[in-house]
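Report on the following structure.
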Amino acid sequence: MSPEIQALPVLIVNPHSRCNCRCTMCDIWKTTDALEIGADELRRQLASIEQMEVEWVVLSGGEPLMHSDLFSLCRALRERGVRITLLSTGLLIARHAAAVAEFIDDVIVSLDGPAAVHDWIRGVPGAFELLAAGIRTLRKQTSRYPIQGRSTVQRANCAHLRDTVKAARDLGLDSISFLPADLTSTAFNRPEGWDAARQQHVGLNAEELIQLQAEIEAIIARVGEKKRPLDEVRDFSFARQAMKELEAGK
């Protein structure tokens, strides 16, 4: 087996460096420089994208919709048959709904709780309603347009997972997945990492892990009773592992 990468089916692209939220678990919003990938720059890379057999581009960030000409990038990729997924805060979807429906195949929006919890975590008053308006506007463009939710589990929302699932349903999302907040890496514009105090501010203590487990089990039980697919519960393995470690330490 060659140690060199021969193909890259999925490519994650950060088209814009800044974000329009001020999330408790992320420091990207502290970036002061607005950097973005230009259309000409992308075109110079198209031959490499084709050579690496890229089939799917995920637009991440920062907030991709803050890009000054995002849909020129999307057009160039779509012309080559590349699938495009947008990861978004949802705050600008209503403004760009027509173009999103035309040039992007599916959207994954951040949903970190019911309205009050979501707005607090995102650091933007009214963020939940802006997200809801974006989903409504996009669905008016294409009623069956695929929109999923993604929730970052942390201290501020670990006791609200059932409410988050309900909010996803009320918003009309197709599904929601959960992932743990990243406390230790140097990603998300924190080159020196977080100190212990910041990790504790976002991370869960032993009591909160028990609350999280109760939320997870309640969701699983409810889904099982209704005999519905587990679309709303994508992966709670991180929480189960945390509980095992907690119990082992007792």
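Structure notes:
- For segment 127-172, filtered to residues that are closer than 14 Å to Ile93 by Cα and in a loop (DSSP other than H, G, I, E, B), the residue that is modelled with the lowest pLDDT is Thr142.
- Single residue of Glu63, Glu41, Glu36 found to be closer than 27 Å to Leu91 by Cα, buried (at least 17 other Cβ atoms within 10 Å of the Cβ) and over 16 Å from the mean Cα position of the chain (by Cα): Glu36
- Of all residues making up segment 173-188, the number that are assigned to a loop (DSSP other than H, G, I, E, B) and exposed (fewer than 14 other Cβ atoms within 10 Å of the Cβ): 4
- Comparison of Val57, Val100 shows that the only residue that is assigned to a strand (DSSP E or B) and either under 19 Å from Phe188 (Cβ atoms) or among the β-branched types (Val, Ile, Thr) (or both) is Val57.
- All positions within segment 91-123 that are over 16 Å from the mean Cα position of the chain (by Cα), over 15 Å from Ala156 (Cα atoms) and surrounded by 16 or more Cβ atoms within 10 Å (Cβ to Cβ): Ala94, His96, Ala97, Val100, Ala101, Phe103
- Taken as a whole, the condition of being free of Cβ contacts under 8 Å to residues at least 24 places away in the same chain and over 25 Å from Ser175 (Cβ atoms) applies to Glu41.
- When the test is whether a residue is of a type in the set (Lys, Arg), assigned to a helix (DSSP H, G or I), closer than 26 Å to Asp170 by Cβ and at pLDDT below 95, Arg222 passes it.
- In segment 63-97, the residues that are closer than 23 Å to Ser143 by Cβ and not in a loop (DSSP other than H, G, I, E, B): Leu65, Phe71, Cys74, Arg78, Arg83, Ile84, Thr85, Leu86, Leu87, Ser88, Ala97
- Unique residue being among the basic types (Lys, Arg) and under 18 Å from Asn20 (Cα atoms) when the list is Arg150, Arg169: Arg150
- From the list Glu55, Glu50, the lone residue that is modelled with pLDDT of 95 or more and not basic (Lys, Arg) is Glu55.
- Residues considered: Asp40, Asp33. Of these, the only one that is assigned to a loop (DSSP other than H, G, I, E, B) and more than 24 Å from Asp106 (Cβ to Cβ) is Asp33.
- Selection of segment 190-216 for residues being of a type in the set (Asp, Glu) and either exposed (fewer than 12 other Cβ atoms within 10 Å of the Cβ) or closer than 30 Å to Thr31 by Cβ (or both) yields Glu192, Asp195, Glu207, Glu208.
The values are calculated or read from the model by the stated rules, or taken from the named source; none is laboratory data. Everything numeric in this text was worked out from a predicted model, so none of it was measured. Heads up, the Cβs are rebuilt from the backbone with ideal geometry, glycines too, and the neighbour counts pull from every protein chain shown.
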